[in-house]
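These notes are about the structure you will find just below.
Quick note: the coordinates plus some simple rules give every number you see, no bench work behind them. All of these numbers come straight from a predicted model, not from anything done at the bench. So basically every Cβ, Gly included, is an ideal-geometry build from the backbone, and we count neighbours across all protein chains shown.
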Amino acid sequence: MGLDDKIKNAAEKITGQAKETFGNATDNDRLRAEGQADQSKADLKDAGENVKDAFKK
């Protein structure tokens, strides 16, 4: 996985965590769900990149 992909995925995960935290603090279910979805997308992208890396070796 390229460094730029790792940085993008980490940024997406951090953004998701911030949204989820803000949603929890303001009792905003939609924002909380968006944050969880962003984190899940970032995790799936990381997993996909790790699979690609495994086949390159």
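Side notes on the structure shown:
- Acute angle (nearest 10 degrees) that the helix 29-56 long axis makes with the longest principal axis of the chain, alpha-carbon atoms: 10 degrees
- Taking a straight Cα-Cα cut-off under 18 Å and skipping sequence neighbours fewer than 8 places away in the same chain, the aspartates and glutamates within cross-link reach of Lys45 are Asp4, Asp5, Glu12, Glu34, Asp53.
- The P(r) of the chain has a tail past 14 Å containing 56 percent of all C-alpha pairs.
- Each of Phe55, Phe22 has some number of other Cβ atoms within 10 Å of its Cβ, and from fewest to most they run Phe55, Phe22.
- Normalised by the number of residues in the chain, the mean separation of alpha-carbon contacts (under 8 Å, six or more apart) gives a relative contact order of 39 percent.
- Added length on full extension, which subtracts the Cα-Cα distance from 0.36 nm per residue, Asp29 to Gln17: 2.9 nm
- The 3J(HN,Hα) values that the Karplus relation (6.51, -1.76, 1.60; θ = phi - 60°) gives for the range 13-19 are, in residue order, 5, 5, 4, x, 5, 5, 4 Hz. Gly and Pro appear as x.
- Length released on extending from Lys6 to Val51, taking residue separation times 0.36 nm less the Cα-Cα span: 14.8 nm
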